[in-house]
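Please read the structure below before turning to the comments.
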Amino acid sequence: MSVHEITLEWVAKAEEDAAVSERESRVRKQPSPGAVCYHAQQCVEKYLKAVLQEQGRPIPKLHDLASLSEQCQFNPLCVPVERDGLVSLTRFATRFRYPGEAATREDAKLAIALMRRCRAALREFLGL
């Protein structure tokens, strides 16, 4: 399998997470804002890993979006979300997955907005 084929697999997995996040964000009866947040984070994580794959760089097994972004060889203007936004999305990967805290609709709205901005820019960066 070529580097590009594996990149496209990362993209397909990212798109699946984006679709789940978008779909869940529209649910009005028994919404799951935690799932929206989690899948938004997963989408961006997988897009960043797609960039690393395409650049021939190692794919670390971590979920820290700011760290992943720093490992990509980007023009600084390419990443549409500041480090704080990436840190917020990173927290969504684990914060609401365990008892003790629950995501709100506001958290879900923030996660979707951050995901959309990152997804659009990373797709453009990858030429998609």
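The values are calculated or read from the model by the stated rules, or taken from the named source; none is laboratory data. Computed from a predicted structure; not experimentally measured. Every residue, glycine as well, gets a Cβ built from its backbone with ideal geometry; the counts of neighbours run over all protein chains shown.
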Handout entry: Qualifying residue in the stretch 80-92 (condition: of a type in the set (Ser, Thr, Tyr), under 11 Å from the mean Cα position of the chain (by Cα) and buried (at least 21 other Cβ atoms within 10 Å of the Cβ))
Key = no
Fill in the blank from the handout: Pro33 meets each of (1) modelled with pLDDT of 95 or more; (2) touching a helix residue (DSSP H, G or I) at 6+ places or on another chain (Cβ under 6 Å) with one exception, condition (1)
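Tally the residues that are of a type outside the set (D, E, K, R), free of Cβ contacts under 8 Å to residues at least 24 places away in the same chain and in a loop (DSSP other than H, G, I, E, B), restricting the search to the stretch 58-71. Can you show your working first?
Going residue by residue through the stretch 58-71, those that are of a type outside the set (D, E, K, R) are 58-60, 62-63, 65-69, 71.
Going one step further and asking which of them are free of Cβ contacts under 8 Å to residues at least 24 places away in the same chain, we end up with 58-60, 62, 67-69, 71.
Next, from what is left, pick out any that are in a loop (DSSP other than H, G, I, E, B): 58-60, 62.
Number satisfying all stated conditions: 4.
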Practice task
May I ask you to list pairs of residues, at least six apart or on different chains, whose Cβ atoms are under 9 Å apart, with the first in the stretch 92-106 being touching a residue at least 12 places away in the same chain (Cβ under 8 Å) and the second being assigned to a loop (DSSP other than H, G, I, E, B) and basic (Lys, Arg)?
Solution key: Ala103/Arg95
Exercise for the section: Taking Ala50 as the residue in question, decide whether it is touching a Ser or Thr at 6+ places or on another chain (Cβ under 6 Å), over 17 Å from Ile112 (Cα atoms), of a type in the set (A, V, I, L, M, F, W, C) and modelled with pLDDT of 90 or more. Expected result: yes
Fill in the blank from the handout: Taking the stretch 11-57 and keeping residues without any contact (Cβ under 8 Å) to a residue 12 or more places away in the chain and outside any helix (DSSP H, G or I) leaves Arg26, Val27, Arg28, Lys29, Gln30, Ser32
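Select from the stretch 117-128 the residues that are assigned to a helix (DSSP H, G or I), surrounded by fewer than 17 Cβ atoms within 10 Å (Cβ to Cβ) and touching a helix residue (DSSP H, G or I) at 6+ places or on another chain (Cβ under 9 Å) and list them in ascending order. Give the derivation first.
First pass over the stretch 117-128, keeping only residues assigned to a helix (DSSP H, G or I): 117-125.
Going one step further and asking which of them are surrounded by fewer than 17 Cβ atoms within 10 Å (Cβ to Cβ), we end up with 117, 120, 123-124.
Within the stretch 117-128, Arg117, Arg123, Glu124 qualify.
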Completion exercise
The residue that is nearest to Asp64 (Cα to Cα), considering only those in the stretch 94-106 that are at pLDDT below 85 and either in contact with a Phe, Trp or Tyr (Cβ under 6 Å, 6 or more places away or on another chain) or surrounded by 13 or more Cβ atoms within 10 Å (Cβ to Cβ) (or both), is Arg95
